[in-house]
1. Which one of 162, 118 is β-branched (Val, Ile, Thr), modelled with pLDDT of 90 or more, part of a helix (DSSP H, G or I) and surrounded by 10 or more Cβ atoms within 10 Å (Cβ to Cβ)?
2. Mind checking which pairs have a first residue in region 70-82 that is on the phi > 0 side of the Ramachandran plot and a second that is outside any helix (DSSP H, G or I), Cβ under 7 Å, 6 or more apart or different chains?
3. Taking the conditions exactly as written (assigned to a helix (DSSP H, G or I) and loosely packed, with under 10 Cβ neighbours inside 10 Å), does residue 171 satisfy them or not?
Amino acid sequence: MANPKEQAKKVSEETEAVVEETVEAVPEEVEQTSVEVEAQPVKPLEEVLGQAERAYAAFMEAQRQVANAYRANEQQIAKAYKRAEQQAERACNEVVTGAIKARDEAVAAAIKARDDAVSQAERAFKKAQNQADRECEAQVEEGWKKREEALAQAWQLREETVDQAWGIYAKLSR
């Protein structure tokens, strides 16, 4: 990716070179004309006016060339700016795309972590619930067993008491 400042500097240097060449060419043409004027003896007014017209035409041509050079420079600078703008736009888009991608990946990772945590919590809950159910069942079974034992003992005690009462009654009735 080229640096926009370097590109603008390059375009500016190229334009300056074109302008310098044009500016250098104009004085040479003017000097040639002035050398011709100095080397010749005094000429009639028409010749002097002709030379003045040619000098003026050369001046106007040089001025037109300078204007063209400035216009070309402006166009080159505009193109360099447009390229820099496009590069900046692409770089910005790449950064935005990367940021969105990173955010999406982070959100996906967070969702996965949440889902894993929920699954783990559900497994722990089911394990604890099953353990509590087993302990409850064991305690209920133990309670039923103790009840049955207590009833059996009470029945046994009742039987013994009834047998004793009949034994006493039988002794008394004899």
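The values are calculated or read from the model by the stated rules, or taken from the named source; none is laboratory data. Not measured: the values here are computed from a predicted model. Every residue, glycine among them, receives a Cβ derived from its backbone with ideal geometry; neighbour counts consider all protein chains shown.
1. Values: 162 fails: modelled with pLDDT of 90 or more.
Answer to the check: 118.
2. From residues that are on the phi > 0 side of the Ramachandran plot, there are no pairs.
3. Working: assigned to a helix (DSSP H, G or I): yes; loosely packed, with under 10 Cβ neighbours inside 10 Å: yes.
In short, yes.
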